[in-house]
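*Asks:* First, the structure itself, so that you have it in front of you.
The values are calculated or read from the model by the stated rules, or taken from the named source; none is laboratory data. Note that the structure is predicted; figures quoted are calculated from it, not measured. FYI the Cβ positions are ideal-geometry reconstructions off the backbone, even for glycines, and counts take in every protein chain you see. Side chains are part of the model used for accessible areas, which takes the heavy atoms of the whole protein and leaves out ligands, DNA and RNA. Shrake-Rupley method; radii C 1.70, N 1.55, O 1.52, S 1.80 Å.
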Amino acid sequence: MGPGARLAALLVLLKLGVGDPAAAAGREDTFSALTSVARALAPERRLLGTLRRYLRGEEARLRDLTRFYDKVLSLHEDLKIPVVNPLLVFTLIKRLPSDWRNVVHSLEATENIRAPKDGYEKVEQDLPAFEDLEGAARALMRLQDAYMLNVKGLAQGVFQRVTGSSITDLYSPRQLFSLTADDCFQVGKVAYDTGDYYHAIPWLEEAVSLFRRSYGEWKTEDEASLEDALDYLAFACYQVGNVSCALSLSREFLVYSPDNKRMARNVLKYERLLAENGHLMAAETAIQRPNVPHLQTRDTYEGLCQTLGSQPTHYQIPSLYCSYETNSSPYLLLQPARKEVIHLRPLVALYHDFVSDEEAQKIRELAEPWLQRSVVASGEKQLQVEYRISKSAWLKDTVDPVLVTLDRRIAALTGLDIQPPYAEYLQVVNYGIGGHYEPHFDHATSPSSPLYKMKSGNRAATLMIYLSSVEAGGATAFIYGNFSVPVVKNAALFWWNLHRSGEGDDDTLHAGCPVLVGDKWVANKWIHEYGQEFRRPCDTNPED
């Protein structure tokens with residue numbers, strides 16, 4: 001099995017369109033949605049079946065080879081017996097040119113291996129691609145950064161934030177699942193290939209450490225070796241100016257592969273550099289994390305994500321409250337909404353148990369066949385980007401009665417007109433491994449935005465429904481508001497994107513923190529300006 005399929009299976013991707021849902025799901029990235037990763041388990045189960053049959057065939061073949069070996073060995077054990085028996089002479093003469101040839105050139109091994117090869121070819125088109133391996137590796141680096149995770153701990157299956165001498169457990173899995181040396185090498189190589197030595201070096205260091213422990217052991221599934229890891233790590237160290245480290249690793253490489261002329265030349269080069277620049281010997285190189293040009297609020301964003309949505313001091317703010325809300329709607333009279341005011345500027349409210357378990361499951365089931373890689377608006381175009389990792393689908397309210405009921409509930413709660421074109425269809429999103437959406441506004445900030453094609457103005461309000469729970473991570477962080485909201489299953493989060501003047505509210509800059517552990521589903525309902533003139537009257541006060 002290739003490393004892409006193995007890592008994607010073990011480490012358990014907004015385009016509006018029509019067509020065949022199976023084809024739509026099949027041509028998109030596996031790593032960007034957990035539901036796609038789950039589908040990748042089915043072909044691996046079929047591969048396990050073919051491998052089991054192969055092993056049984058090989059066991060039978062090896063038993064037969066052992067029988068032949070024991071038979072011939074028994075004839076050699078007593079060398080004192082002269083070869084005088086004509087039957088013994090005949091079998092020896094027959095065995096050497098005939099029996100041994102049949103054993104050596106037996107096609108049984110080739111026939112046995114053909115079954116798993118054929119089985120792999122049958123499911124190969126359904127397996128994650130190399131791009132998925134890259135995406136999964138970048139997801140681990142994203143989690144490493146956003147939650148300040150220790151690479152050595154991750155490799156051991158432990159999710160710990162390390163700050164100086166302080167270690168905090170962010171998540172305690174029920175069952176530890178560790179990474180192999182080859183797994184760590186693949187993550188480091190993805191970073192190395194893009195010149196990202198900040199991430200490459202710790203992952204390659206861990207790969208080297210693990211390969212050293214198991215040196216001499218051969219694993220069929222591994223693509224890399226200790227020599228490969230030493231080679232990559234040595235050059236990465238050299239690239240960041242740590243010549244002493246590069247020299248030490250290169251010398252170790254030559255211990256295992258003394259005839260490698262390229263590495264021998266590198267050793268001479270590093271020795272010359274150190275002789276000419278002695279200060280490099282003791283230099284401690286501080287490697288800068290790669291800059292993210294589009295994300296100027298990275299530190300605040302990641303700091304909010306690291307709280308995991310915890311709001312320990314909210315109870316101390318008297319202006320925040322909980323209440324039962326009917327919004328003067330008969331629809332909510334017998335079953336009021338359970339409102340929790342999370343923040344005042346911007347005004348953000350969480351409505352608990354906004355949908356039932358059955359409704360959440362039904363919405364997920366309706367969306368799953370239509371999920372495609374999420375996109376973002378860039379000028380007049382919509383693009384797939386690294387800072388939004390998820391898959392999404394759009395559902396019309398005519399698809400199922402559950403959606404009709406949901407729309408009525410949203411209209412009653414908000415008091416707004418949510419019929420097209422005054423509101424968009426329900427967008428359902430499933431996040432992938434380390435799935436996230438970096439800080440962004442829901443409302444358009446450019447007059448050329450595709451949002452205006454609906455001819456109903458900008459997005460005035462957002463109602464986001466959490467359709468699942470997660471075990472860790474995935475909070476919604478409001479950057480300038482300096483707070484985050486954890487994933488609360490079946491709850492709905494509501495806020496206004498625009499002031500009453502029609503200007504965008506900059507305080508609504510928000511983000512979906514990377515999902516550390518879990519399968520995060522949300523549904524978004526975006527309500528536009530037009531159609532709300534008498535429901536939310538305009539005001540010239542820029543703060544209202």
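*Asks:* Residues of the range 435-448 being in contact with an Asp or Glu (Cβ under 9 Å, 6 or more places away or on another chain), within 16 Å of residue 524 (Cβ to Cβ) and surrounded by fewer than 19 Cβ atoms within 10 Å (Cβ to Cβ), which ones?
*Replies:* Within the range 435-448, just 441 meets the criteria.
To keep it simple, each residue is scored yes or no on (1) modelled with pLDDT under 90; (2) among the charged types (D, E, K, R); (3) more than 22 Å from residue 515 (Cα to Cα); (4) in a loop (DSSP other than H, G, I, E, B).
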{"site": "302", "(1), (2), (3), (4)": "no, yes, no, no"}
{"site": "308", "(1), (2), (3), (4)": "yes, no, no, yes"}
{"site": "311", "(1), (2), (3), (4)": "yes, no, no, yes"}
{"site": "340", "(1), (2), (3), (4)": "no, yes, yes, no"}
{"site": "377", "(1), (2), (3), (4)": "yes, no, yes, no"}
{"site": "386", "(1), (2), (3), (4)": "yes, yes, no, yes"}
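*Asks:* One residue is enough: does the range 218-230 have a residue meeting the conditions of a type in the set (Lys, Arg) and either at pLDDT below 95 or touching a strand residue (DSSP E or B) at 6+ places or on another chain (Cβ under 8 Å) (or both)?
*Replies:* Looking for residues that are of a type in the set (Lys, Arg) and either at pLDDT below 95 or touching a strand residue (DSSP E or B) at 6+ places or on another chain (Cβ under 8 Å) (or both), one finds at least one in the range 218-230, hence yes.
*Asks:* Among the residues of the range 57-114, count how many are small (Gly, Ala, Ser) and within 30 Å of residue 47 (Cβ to Cβ).
*Replies:* Selection size over the range 57-114: 4.
*Asks:* Any chance the range 467-480 includes a residue that's farther than 17 Å from residue 436 by Cα, in contact with a helix residue (DSSP H, G or I) (Cβ under 9 Å, 6 or more places away or on another chain) and buried (at least 20 other Cβ atoms within 10 Å of the Cβ)?
*Replies:* Within the range 467-480, not a single residue is farther than 17 Å from residue 436 by Cα, in contact with a helix residue (DSSP H, G or I) (Cβ under 9 Å, 6 or more places away or on another chain) and buried (at least 20 other Cβ atoms within 10 Å of the Cβ).
*Asks:* Run residue 133 past the list (1) assigned to a loop (DSSP other than H, G, I, E, B); (2) within 30 Å of residue 38 (Cβ to Cβ); (3) open to solvent by less than 80 Å² (accessible area, probe 1.4 Å) and report the number of the one that doesn't hold.
*Replies:* (1)
*Asks:* Any idea which residue in the range 404-419 is nearest to residue 532 (Cα to Cα), counting only those that are open to solvent by less than 10 Å² (accessible area, probe 1.4 Å) and in contact with a strand residue (DSSP E or B) (Cβ under 6 Å, 6 or more places away or on another chain)?
*Replies:* Looking at the filtered set, the residue picked out is 416.
*Asks:* Checking the structure you have, find out if any residue of the range 357-371 is surrounded by fewer than 17 Cβ atoms within 10 Å (Cβ to Cβ) and within 24 Å of residue 496 (Cβ to Cβ).
*Replies:* Within the range 357-371, not a single residue is surrounded by fewer than 17 Cβ atoms within 10 Å (Cβ to Cβ) and within 24 Å of residue 496 (Cβ to Cβ).
*Asks:* Restricting to the range 406-456, what's the tally of residues that are of a type in the set (Phe, Trp, Tyr) and outside any loop (DSSP other than H, G, I, E, B)?
*Replies:* Matching residues across the range 406-456 total 3.
*Asks:* Just one of the numbered conditions (1) open to solvent by 10 Å² or more (accessible area, probe 1.4 Å); (2) closer than 29 Å to residue 146 by Cα; (3) charged (D, E, K, R) is not true of residue 397; which one?
*Replies:* Evaluating residue 397 over (1) open to solvent by 10 Å² or more (accessible area, probe 1.4 Å); (2) closer than 29 Å to residue 146 by Cα; (3) charged (D, E, K, R) leaves (2) as the failure.
*Asks:* Of the residues 502, 518, which single one is at pLDDT below 95, within 27 Å of residue 402 (Cα to Cα) and in contact with an Asp or Glu (Cβ under 8 Å, 6 or more places away or on another chain)?
*Replies:* 518
*Asks:* Out of the range 153-175, which residues are surrounded by fewer than 14 Cβ atoms within 10 Å (Cβ to Cβ) and under 18 Å from the mean Cα position of the chain (by Cα)?
*Replies:* Residues satisfying the conditions are 157, 173.
*Asks:* Under 7 Å by Cβ, and 6 or more places apart or on different chains, what pairs join a residue from the range 332-346 that is on the phi < 0 side of the Ramachandran plot with one that is among the β-branched types (Val, Ile, Thr) and not in a strand (DSSP E or B)?
*Replies:* If the second residue must be among the β-branched types (Val, Ile, Thr) and not in a strand (DSSP E or B), the pairs left are 332/326; 333/326; 336/326; 346/508.
*Asks:* Count, please, the residues in the range 413-433 that happen to be at pLDDT below 90 and of a type in the set (Gly, Ala, Ser).
*Replies:* Selection size over the range 413-433: 1.
*Asks:* Let me ask something additional. I need a count of the residues in the range 176-222 that are under 21 Å from the mean Cα position of the chain (by Cα) and either within 22 Å of residue 130 (Cβ to Cβ) or basic (Lys, Arg) (or both).
*Replies:* Adding up the residues that qualify gives 25.
*Asks:* If you don't mind, there's one more thing I want to ask. Out of curiosity, is residue 430 crowded, with 16+ Cβ neighbours inside 10 Å and under 26 Å from residue 503 (Cα atoms)? Can you show your working first?
*Replies:* Values: crowded, with 16+ Cβ neighbours inside 10 Å: yes; under 26 Å from residue 503 (Cα atoms): no.
Taking the combined requirement at face value, the residue does not satisfy it.
*Asks:* Select from the range 36-89 the residues that are of a type in the set (S, T, N, Q) and exposed (fewer than 12 other Cβ atoms within 10 Å of the Cβ) and write down the one among them that is nearest to residue 136 (Cα to Cα).
*Replies:* 66
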